[in-house]
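Below is one structure, written out as structure tokens, with a few remarks after it.
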Amino acid sequence: MSARFPLTLTTDRTAAWHSEFRAPGSALIDSFGRRHNNLRVSVTDRCNLRCTYCMPEDVTFQNRSELLTFEEITAFVRVAASLGVDKVRLTGGEPLVRKELHELVRMLSAVPGIKDIGLTTNGILLEEQAGPLFDAGLRRLNVSLDTLDPVRFRTLTRRDGVERVLAGLAAAKRVGFAPIKVNTVAIRGFAEYDVVPLARYCRSHDFELRFIEYMPIGAEEWERDKVFFAQEILDLIGRGIGELVPTDNDPSAPALEYRYRDGGGSVGLIASVSRPFCQSCNRMRLTADGKLRNCLFALDETDVKGLLRSPTNNEQAIAQALRHSVWSKWEGHEINAATFVKPDRTMHAIGG
């Protein structure tokens, strides 16, 4: 059976679904035995940048009334936590354009079972919001930064602002965030110039640098030739700074972790194209407009906004929607296969 299409349940799998995975309190396990405890929640599709690999320049955003409220997000997370979810990451769009985001962090921190709340941001508004977010209970932070060069920054993001991102990183470190990870999308034509300067910058500031291979999830037509592969990144850093050696990796983590042989920091590689980690994926996603997705590249979504906005208590229905979505997850995204189909939604509308 191809993993590229929504799973059609066989008789045996249907029986398993009815007998085990619909049971109250059952964990979120898919038909390949992967246990899901990691939920990524997009709080908005709006963004103050226009990164070429993420979204179109001319974009129409959702009406704000279509976005889940903080109370609705918290209600969904409460159900997910009852099924074993203990990690939540807030994304966008750019999550910091959502007003009073620290209040959502505070609400989620109070949900029983949630042990870890993270945030992925482009850093433009981080300098002003780092303190309130930290005070609300946020501790883990990923900041997207593809280059330190202002000209290349504008080319990639179609906006200015690299200085604001660097100021945001400094503010986050100052208020006590740890770890702080810097996410860099490695695109051929840019990465050759930026890998080593970014690695030096993160090494000197004690940030954890993570390179992400360019993926087919943006508005532009995907060109495989633009992928700057993980091994090429390792080679560049080895020649420019020092040898990286692999560490003991968490099998459920998307990044392959390396440390400098001299002990001076670490680098992670998310090699979704050259070394897919689908076999150990433990993630699911909730879009800002209330759609549940079991894979970044999913072609189908489950609408839970209606359940969340129903006047009746629909916790059981939400739990069942979660179980069914996870159970129906395919084996892998098959980016490297001829059968791959690019999702209609781009990254900004799915959630980074």
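What to note about this one:
- Each of L67, L133 was scored by other Cβ atoms within 10 Å of its Cβ. Listed from fewest to most, they are L67, L133.
- Reported to the nearest whole Å, the Cα centre-to-centre distance from the range 220-236 to the range 273-329 is 29.
- Exposure proxy ranking, count of Cβ atoms within 10 Å, fewest first, for K291, K173, K329: K173, K291, K329
- With the helix formula -39500 (n - 2.57) applied to DSSP H stretches of n ≥ 4, the chain reaches a computed 222 nm mean residue ellipticity of -9000 deg cm²/dmol.
- Most fluctuating residue given options A199, A298, A317, as computed from a GNM of the chain linking Cα atoms under 10 Å: A317
- Residues H36, H348 arranged by fewest to most Cβ contacts within 10 Å: H36, H348
- With both residues required to sit in the chain, DSSP beta bridges show an antiparallel share near 30%.
- Both radii are taken from the alpha-carbon atoms of the range 234-300; with Rh as the Kirkwood radius, Rg/Rh is 1.12.
- Size of the chain from its Cα atoms: along the principal axes, largest to smallest, the extents are 56, 44, 41 Å.
- Checking every one of the chymotrypsin sites (Phe, Trp or Tyr not before Pro) in the range 266-352 against DSSP loop status and a limit of 14 other Cβ atoms within 10 Å picks out F340.
- Cys residues of the chain that find no other Cys beta carbon under 4.7 Å: C47, C202, C278, C281, C295.
- Candidates S266, S310, S82: whichever shows maximal mean-square fluctuation once the chain is modelled as a Gaussian network with Cα springs under 10 Å: S310
- Pairwise FRET efficiency - R188 versus D344, Cβ, R0 = 25 Å, nearest 0.05: 0.45
- Gained length - R200 relative to A253, 0.36 nm times residue gap less alpha-carbon distance: 16.7 nm
- GNM flexibility winner over the chain from E163, E221, E72 (Cα, springs under 10 Å): E221
- In the chain, lysine pairs closer than 16 Å at Cα, eight or more apart or cross-chain: 4
Rule-based calculations on the coordinates, nothing more; no lab input. None of these values were measured; they are calculated from a predicted model. Cβ coordinates were reconstructed from backbone atoms using ideal geometry, including for glycine residues, and neighbour counts include every protein chain displayed.
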